[in-house]
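Nothing in this text is a laboratory measurement; each read-out follows from the coordinates by a stated rule. In this text, all values refer to a predicted model and were calculated from it rather than measured experimentally. Heads up, the Cβs are rebuilt from the backbone with ideal geometry, glycines too, and the neighbour counts pull from every protein chain shown.
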Amino acid sequence: MNAPHAPAHALMNIAARPDAVMVRGEGSWLEDAAGRRYLDFVQGWAVNCLGHAHPAIAQALAKQAATVVNPGPAFFNAPAIELAGKLAALSGLDQAFLCNTGAEANEGAIKLARKWGQLHRNGAFEIITFGDAFHGRTLATMSASGKPGWDRIFAPQVPGFPKAVLNDLDSVEALIGPNTVAVMLEPIQGEAGVQPAELDFLRALRALCDARGLLLILDEVQTGIGRTGTLFRFEAAGITPDILTLAKGIGGGVPLAALLARESACCFVHGDQGGTYCGNPLMAAVGNAVIDIVAAPGFLAGVRDAGEAMAAGLRVLSKKHGLGEVRGAGLLLALDLGPARNAGALVERARDAGLLLNAPRPHTLRLMPALNVSTAEIELMLTMLDKVLAGA
């Protein structure tokens, strides 16, 4: 029998949550205090890249916790050195700053670009970002985001983030001026409903930044670490950014993020950047375990195969139920429900049926299962979703 849980009213009310209290998970399955199991195709908003309670993560935590958890950022530690080296080698970039959240990594990217502008572009500080973008919930990253309504919350905004239109190069060029230092975007806009930047657009942005002497910043908080079928989404376009941010999947569910940059863009001096928990060995040990699995031969091919199977199944459901397009790459996919269906209500019905989905927009479902999700679990999800759609 499950022990009773304390009332949740002591938690600050920052999200609409169901009454269920989650107590354990394994792989693609999550279980609440009442013993009910859920097939989880959200996975903590794409953070649990290896599913719930993966043994490699549990072992890395236990082993590191028994040695040293946090000697402080004033000292080197072996797991952080190892992880930074792996990320640099795999990304083609040169240096990494390890931190805790995607917003923190993006805030660091903004600071790094502005510092570089002070040194190399006569104090240029503006970073061109995009409408409907999402870069985090700090004041600067909210200002960099283009989420509707965020220009009024917590006003005044941090200045310096003119907004271009995704996949419209002319809109970017029109914003470039003497104060421009960088262009920053998500290769796939997750919170906007999984809206991909076209690969030709990414290539054109790389060429434009090179021609105009600007930095290209890619926010791969959601798309990085195998989510789209390659270790980084920029690989699909055959480019390399000047600055890259990672989070979510890099920690397999624990708070871990990274800011990476070319050596030519690394201009922080002592005191410019830091954080009490940044690069702590406990989280870095998990990051090393995750990278060793995701970057192992054959793993990403499995992600691509699973993504193709899931996309094909969603297209079948879309045709059957008269829905819209299937968007995305790898295991970051969206199903457009069309204006007649409410995604939030459908998510609730799916949860009641034991299936966890996400609705980033009013008429869009987003699916972000574990990267090691099985074919049988994908088929079960499609069967369950089919029944929910039929009853909607």
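Structure notes:
- Each other residue within a Cβ distance under 13 Å of D32 adds +1 if Lys or Arg and -1 if Asp or Glu, for a net charge of +1.
- Taking I243, I176, I291 and counting other C-beta atoms within 10 Å, the order from fewest to most: I176, I291, I243
- Theoretical FRET efficiency, 1/(1+(r/R0)^6), r = Cβ-Cβ of R304 and V158, R0 30 Å, to 0.05: 0.20
- A crude spin-label estimate for the pair D352 and I14, with each label 7 Å from Cα along the Cβ direction, gives 3.0 nm.
- Charged neighbours of Q118, selected by a Cβ distance under 15 Å, balance to +2 (K, R count +1; D, E count -1).
- Cα lying deepest toward the dipole's positive end in region 311-392, options G324, S374, A334, charges on Cβ: G324
- Gained length - K111 relative to V69, 0.36 nm times residue gap less alpha-carbon distance: 12.3 nm
- Here's the list of lysines a cross-link from K248 could span, going by alpha-carbon distance under 19 Å and ignoring same-chain residues fewer than 8 apart: K86.
- Only one item in (1) 62, 52, 45; (2) 60, 57, 41; (3) 60, 52, 38 matches Cα extents along the principal axes in Å derived from the coordinates shown, and that item is (1).
- The label-point distance for A345 and R315, in a model that sets each label 7 Å from Cα toward Cβ, rounds to 3.0 nm.
- Against the chain, whose longest principal axis is taken from its Cα atoms, helix 343-352 shows a tilt of about 50°.
- Extension gain, V23 back to A390 (0.36 nm per residue minus Cα-Cα distance, nm): 129.0 nm
- Computed from label points 7 Å out along Cα-Cβ, the spacing between A56 and D200 is 3.8 nm.
- A full extension of the chain between D151 and D94 corresponds to an added length of 17.1 nm, given 0.36 nm per residue minus the alpha carbon distance.
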